[in-house]
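Colleague: Take a look at the following structure, please.
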Amino acid sequence: MDQRFVEELKYQGDPPADAVIAALVAGGEIGRVNSLLAELRANDEPIPEHLPPVVREFLVATDNPPPWTDLARVARAQEFFLDDGMHVASVLSFGAMVNCYAQPRPSKVLTLTHRLNQPHRRLSETAQFVLSMMAPHPFTSGGSFVPVIQKTRLIHAAVRHFISRSPEWDHERDGVPICQQDLLGALLIFSVQVIIGMRRIGISVTEQEAEDYYHVWRVAGHLLGIRTEAMPATLAEAEALNTSLVEASYGPSAEGAELTANLLALYRKLMPGKAFDGVVPAMVRQVVNPEVSEWLGVPKQRGWGRLVGAGVRVMRRLERAEDESELARRVLDRAARLLLSVNVRQLTDGQSTALTIPEELREKWTGERGASA
């Protein structure tokens, strides 16, 4: 991808969503719109009649996936997630979140936005986003992902509106808050880097599965307002851009270190007792690059590090045996289920945040019926 084009993305936001927020702020209607948008639950539900025209027009215009969406690939990606979604959730929590904090500019945005500088909220909302995206029919009739992504897009626009007016933000140096470049970077972290992270902990992912998983994220990226020409069309191109754009942007920052410390503190709070405090730092160091761990102050855990490394080697052996060994499958699924049980029950002001887990995923992962975990 042309470097000049990539650099220009730093100064571009999301004009349709930005125009909506500017109009709402000017009319003093942000609060009312928030309450009405909360009523949207599924792709098929009608848009509330009492929304301001500018919001209704935006929701109608952004309601459909791009014409290049391949629904067969989306369905295959869902099958992949049914089998390995718990491992995806683990890598998202231990690796992707930390890699986001390794980018100084987005970390500054998170720090300036108090609501986003809360690890329990960010983990819960990210997990819910992915669960909704990987449920059946995420982009078409019968699904519930389109309203989720539309709300996310408007939240990004609101953050851009207010942070760009902060005296702490240098537009010439830092560009636009949550710019096209940042959105593209997040897309690559949550897609390409998750596949890389899964393979690092010993989970086998075929090339077809990786391509399909990336395709779903690319469709989601379009609906999030990322320019189609900015998103690589193939996984190989996405991997190359991940190296040249995302990993090249990594660096130390006070904001990134603070966000990482808050995340690790949250996990220590969720882990039972003190004996397991070293597990999470060891897992993070297994999933992310060593240099990133050093920049963000992830503590070294020699004992747990060796155990995690040994566990990865066991996981790889079990993965190779999974097709032939029912016992191996049970061990893998049980390990991932334990991780998921921690990841989906985040704390918000002392309360457990229940995530809406699609019925198909819940039955596959737990053997139970129900709506939340």
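The values are calculated or read from the model by the stated rules, or taken from the named source; none is laboratory data. Everything numeric in this text was worked out from a predicted model, so none of it was measured. Here the Cβ is made from the backbone with ideal geometry for all residues, glycine too, and neighbour counts use every protein chain on show. Keep in mind that these areas ignore ligands, DNA and RNA; they rest on the heavy atoms of the full protein, side chains included. Shrake-Rupley method; radii C 1.70, N 1.55, O 1.52, S 1.80 Å.
Colleague: Which of the peptides 222-228, 1-7 is most tightly packed, and how do the rest follow, judged by the mean count of other Cβ atoms within 10 Å per residue?
Modeller: My ranking of the peptides, most packed first, is 222-228, 1-7.
Colleague: Please give the contour-minus-distance gain from Glu29 to Arg4: 0.36 nm per residue of separation, less the Cα-Cα distance, rounded to one decimal in nm.
Modeller: Using 0.36 nm per residue and subtracting the Cα-Cα distance, I get 5.2 nm.
Colleague: Quick one: what do you get for the stretch 114-251 if you divide its Cα Rg by 2.2 N^0.38 Å?
Modeller: So the stretch 114-251 has a normalised radius of gyration of 1.10.
Colleague: Would you mind calculating the relative contact order of the stretch 144-264 from Cα pairs under 8 angstrom and at least 6 residues apart, reporting the percent as a whole number?
Modeller: 29 percent
Colleague: What figure in square angstrom, to the nearest 10, would you give for the accessible area of Tyr11 with a 1.4 Å probe?
Modeller: Its accessible surface works out to 90 Å², give or take rounding.
Colleague: Just for the Cα atoms in the stretch 9-55, what are the lengths along the principal axes, largest first, rounded to whole Å?
Modeller: Taking the Cα atoms of the stretch 9-55, the three principal extents are 35, 25, 15 Å.
Colleague: To the nearest 10 square angstrom, what accessible area does His171 show with a 1.4 Å probe?
Modeller: The value for His171 is about 100 Å².
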